[in-house]
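Some notes on the structure that comes next.
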Amino acid sequence: MAMRVGMTTSALTRPLSYREARELIDAVTPTPREQASGRISLKLPLWSRIQLGALTTVAWIIGAVIVVSAAAGIIVIALNVWNDPIGSLRWIIPLGLVAVALGILQQYEERQRVIRRARTLLLTRENGWDFDIETLAIPPARSMKFGTDRKVLDLVRLRRAPRIELGIFQTTVDSGKSTAIVRQDYLALALPQKLPNIVLQAMPTGFRLGNAVAVPNGVDPDQFLSLEGDFDRYFRLYCPPGYERDALYLFTPDIMALFIDRAHGCSVEIVDNWLIVSGNERRLRGAKVESWTRTLELIAAIEDKLEQWDQWRDDSKRRVAPRGTPRALARPKPDVAAAGARLKDLSRASRIRRQLMTGGIILGGIAVVFGSILIPILIADAN
């Protein structure tokens, strides 16, 4: 039965001060000792850590160039102040205003995040949903199997049977030189039976270097299955070898259109008896009524399709039944063979190709940075 879309939304629209929001969140936040008692740690694969470290090194080089340029600018401004104190104000005042504006913007964003979390808490109370400020019950999606201090924040459980939940997955990625916190929204729906491991990887809509490194897909690209029409513009579908027909049975054109319309920019994974939709933070939920309504409509639309998925059976487990066996008994049980339970990881050859490609991009980036510095100097010396 599809979920009712209607909900009480006054928690998302009523005035809510930062002080009240802070008190609400502090009241349900576990103590540091409770947080430290059950942390989950899972390191990135070696090559992913090397990639992240190399990119961090490039970022440090670019940052150093920016710092040197800023220092040169400060020296120029200082000389102007010495020679022309009044005229130099045209440089000092704008820079000071920019610094103040950046500080205010950062403080505002942090306050808004606390208010969004408090509104989510109030929304769950109004609608009788379960809320957990922090939990270590992490869904089995591939995109959530990396980093340290892995946890789920602001978990909203809409229904217990079958289970439907919305959460924010948070992890810390350590490159060896620096750490970064990565968050992503997710929606997890319990399915009536286990299905083959299939991933719909969302095609990037913009250049997001951080997410591209911090959330590695890790799927062997040879398992890519092209879809009909223009669906490949939005998703890349990966399925285990031999399960191509099963993938097309489960992800029919109407279901693909549903994900394009209602979950654009999000990735989808079927693993065991879970359907997991994940995207950047605030992609599936936020502080606006429209965001929650759109997500609840997505849930209802997916549930309308589950009856068809419940009819799926793994033909590789079908055995020849004796003549006269009732057809219902001859059908395979609702389960998945080992070959379809998990996608294959990247092969060694694919890893080498990716390493060469990533190495070329990193070297190209370094060449561009140093070239932009050295070429003007060489030209000036030549003249």
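Quick notes
- Residue, farthest from Q193 (Cα to Cα), within the stretch 302-314, restricted to residues that are in a helix (DSSP H, G or I) and open to solvent by 20 Å² or more (accessible area, probe 1.4 Å): D304
- Residue satisfying all of: in the stretch 252-266; of a type in the set (V, I, T) and open to solvent by 20 Å² or more (accessible area, probe 1.4 Å); nearest to D185 (Cα to Cα) among these: I260
- Top-ranked residue in the stretch 184-205 [being modelled with pLDDT under 90 and open to solvent by 40 Å² or more (accessible area, probe 1.4 Å); ranked as nearest to S267 (Cα to Cα)]: Q201
- For the stretch 224-241, the set of residues classified as open to solvent by less than 70 Å² (accessible area, probe 1.4 Å) and part of a strand (DSSP E or B) consists of F224, L225, F235, L237, Y238, listed by residue number.
- Members of the stretch 242-251 that are loosely packed, with under 15 Cβ neighbours inside 10 Å and touching a residue at least 12 places away in the same chain (Cβ under 8 Å): G242, E244, Y249
- Residue in the stretch 104-124 that is of a type in the set (A, V, I, L, M) and under 16 Å from W274 (Cβ atoms) present: no
- When residues of the stretch 138-183 are limited to those that are touching a Gly at 6+ places or on another chain (Cβ under 7 Å) and charged (D, E, K, R), the one most open to solvent (accessible area, probe 1.4 Å): K177
- Exclusive hit being in contact with a strand residue (DSSP E or B) (Cβ under 9 Å, 6 or more places away or on another chain) and touching a residue at least 40 places away in the same chain (Cβ under 8 Å), set S143, S178: S143
- Options E281, E269; residue that is acidic (D, E), surrounded by fewer than 20 Cβ atoms within 10 Å (Cβ to Cβ), touching a residue at least 40 places away in the same chain (Cβ under 8 Å) and closer than 28 Å to R117 by Cα: E281
- Test: residue in the stretch 286-301 that is in a loop (DSSP other than H, G, I, E, B) and open to solvent by less than 10 Å² (accessible area, probe 1.4 Å): no
The values are calculated or read from the model by the stated rules, or taken from the named source; none is laboratory data. None of the values given here were measured: they were computed from a predicted structure. When we count neighbours, we look across all protein chains shown, and the Cβ atoms used for this are built from the backbone with ideal geometry, even at glycine. We work out accessible area using only protein heavy atoms, side chains counted, and drop any ligands, DNA or RNA first. Shrake-Rupley method; radii C 1.70, N 1.55, O 1.52, S 1.80 Å.
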